[in-house]
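K.L.:
This is the structure I have questions about; it appears just below.
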Amino acid sequence: MAHPTATKVGEPAPPLQLPDTAGETRSLPMPGEAPATVVFWTCNHCPYALGWQDRLTHAARDYGPRGVRFLAVNSNDAERYPRDSLEAMRERVEAEEWPFPYLHDESQDAAMAWAAKVTPHLYVLDGDLRIRYEGAPDADHTDPSHGAAWLREALDAVLAGADPARPATEPVGCSIKWK
Amino acid sequence: MERTGPKVEFLWWEGCPSSDDALALLREEMTALGLDPRSVEVRELRTDGDAERHGFVGSPTIRIDGVDVQAPGDEPVGLTCRVYRLRDGRISAVPDREDVRETLIDAIEGGGD
């Protein structure tokens, strides 16, 4: 199996065009269309992804009114891990009322292109679709008081036109389940 | 026959980063209860066949005299990361320390039967 190579903060984000759980094709915004975009890999059965999910949801609700877009992506092999099937993704989005689309990367091409390694693995893009932050939401998946602080710091900086003080952290989570 | 202590098994898979923390927690609790922390049987599972053979529902899994420190319920067998619930309801990649301690104590107290 070929492993993804690392993306680099400061470089343009790779393209992203995937179906969501309703079958609608979603893409990154056009340059200048949104002041910031958060793309993050997640899945349905990883303790890290599940532990951080509420914090990401709250961040999406807090930053949505400021034009920030969130896109969640699941690239796991659903054949070996049926809980990551499109149907299971759809059920979760509906049951938990996700405020962002949940994209299905069945081919795993997006995960390869973005060099996503684990769930969750976050990328913050600026309005020109350059990667300005890559890593974890915050320092501890078990402690809600952290409140996705690293993600929020990066978003605040990008929205202010500044460089994030912490442009990269080590993403911590479950390995993506490659085919 | 002399009993030296419960059989403590630690099953892990490399796809989850929580193994080291969980093993350290387990060994701390064993030491606190007077058990030899070096007696843990650490087993890495590498294939779906390994997972099937050991009834492995996620990494890390800790069994003490065959009893899982947190009942796995209907979790499917496979090479994945284990989702634990801490006693306060939070989700965690490692089991609750109290669950580990209680299972060890149950095994120690049951060992004299």
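K.L.:
Would you mind stating whether A:PRO19 is more than 16 Å from A:ILE176 (Cβ to Cβ) and either touching a Ser or Thr at 6+ places or on another chain (Cβ under 6 Å) or of a type in the set (A, V, I, L, M, F, W, C) (or both)?
P.N.:
Yes.
K.L.:
Tally up the residues in region B:76-93 that are out of contact with any Pro (no Cβ under 7 Å at 6 or more places or on another chain) and buried (at least 18 other Cβ atoms within 10 Å of the Cβ), please.
P.N.:
Total satisfying the criteria: 3.
K.L.:
Follow-up question, since we're still on this one. Which residue pairs have Cβ atoms under 9 Å apart, sit 6 or more places apart or on different chains, and have a first residue in region A:140-151 that is without any contact (Cβ under 8 Å) to a residue 60 or more places away in the chain and of a type in the set (Asp, Glu) and a second that is outside any loop (DSSP other than H, G, I, E, B) and buried (at least 16 other Cβ atoms within 10 Å of the Cβ)?
P.N.:
Correct list of pairs: A:ASP140/A:GLY51; A:ASP140/A:HIS146; A:ASP143/A:GLY51.
K.L.:
Scan region A:15-38 and give yes if some residue there is in contact (Cβ under 8 Å) with a residue 24 or more places away in the chain and part of a helix (DSSP H, G or I), otherwise no.
P.N.:
No; the residues of region A:15-38 include none that is in contact (Cβ under 8 Å) with a residue 24 or more places away in the chain and part of a helix (DSSP H, G or I).
K.L.:
Yes or no: A:TRP52 more than 14 Å from chain B (Cβ to nearest Cβ), modelled with pLDDT of 95 or more and not in a strand (DSSP E or B)?
P.N.:
Taking the combined requirement at face value, the residue does not satisfy it.
K.L.:
So which residues in region A:79-105 are of a type in the set (A, V, I, L, M) and either modelled with pLDDT under 95 or in a helix (DSSP H, G or I) (or both)?
P.N.:
Passing the criteria: A:LEU86, A:ALA88, A:MET89, A:VAL93, A:ALA95.
K.L.:
Quick check on region A:121-155: of everything there that is among the small types (Gly, Ala, Ser) and not in a strand (DSSP E or B), which residue is farthest from the other protein chains (Cβ to nearest Cβ)?
P.N.:
Among those that are among the small types (Gly, Ala, Ser) and not in a strand (DSSP E or B), it is A:GLY127.
K.L.:
Given the criteria surrounded by fewer than 20 Cβ atoms within 10 Å (Cβ to Cβ), among the hydrophobic types (A, V, I, L, M, F, W, C) and farther than 17 Å from A:PHE70 by Cβ, does A:ALA149 qualify?
P.N.:
Here the answer is no, as A:ALA149 does not meet what is asked.
K.L.:
Please find, within region A:5-38, the residue that is nearest to A:PRO120 (Cα to Cα) out of those that are among the hydrophobic types (A, V, I, L, M, F, W, C) and out of contact with any helix residue (DSSP H, G or I) (no Cβ under 9 Å at 6 or more places or on another chain).
P.N.:
A:ALA6
K.L.:
Among the candidates A:ALA95, A:ALA88, which residue alone is closer than 20 Å to A:PRO19 by Cα, among the aliphatic types (A, V, I, L, M) and within 14 Å of another protein chain (Cβ to nearest Cβ)?
P.N.:
Within the list A:ALA95, A:ALA88, the selection yields A:ALA88.
K.L.:
Restrict the check to region B:80-101 and report whether at least one residue is away from chain A (no Cβ under 14 Å) and over 25 Å from A:HIS141 (Cα atoms).
P.N.:
The answer is no, given that none of the residues of region B:80-101 is away from chain A (no Cβ under 14 Å) and over 25 Å from A:HIS141 (Cα atoms).
K.L.:
Checking the conditions here, which among B:GLY49, B:GLY111 is farther than 25 Å from A:HIS141 by Cα, at pLDDT below 95 and more than 11 Å from chain A (Cβ to nearest Cβ)?
P.N.:
When all the criteria are applied, what remains is B:GLY111.
K.L.:
Could you please give the count of residues in region B:62-79 that are touching a Leu at 6+ places or on another chain (Cβ under 9 Å) and within 13 Å of chain A (Cβ to nearest Cβ)?
P.N.:
1
The values are calculated or read from the model by the stated rules, or taken from the named source; none is laboratory data. Worth saying up front: this structure is predicted, and the values here are computed from it rather than measured. Note that we place each Cβ from the backbone using ideal geometry, even for glycine, and neighbour counts take in every protein chain shown.
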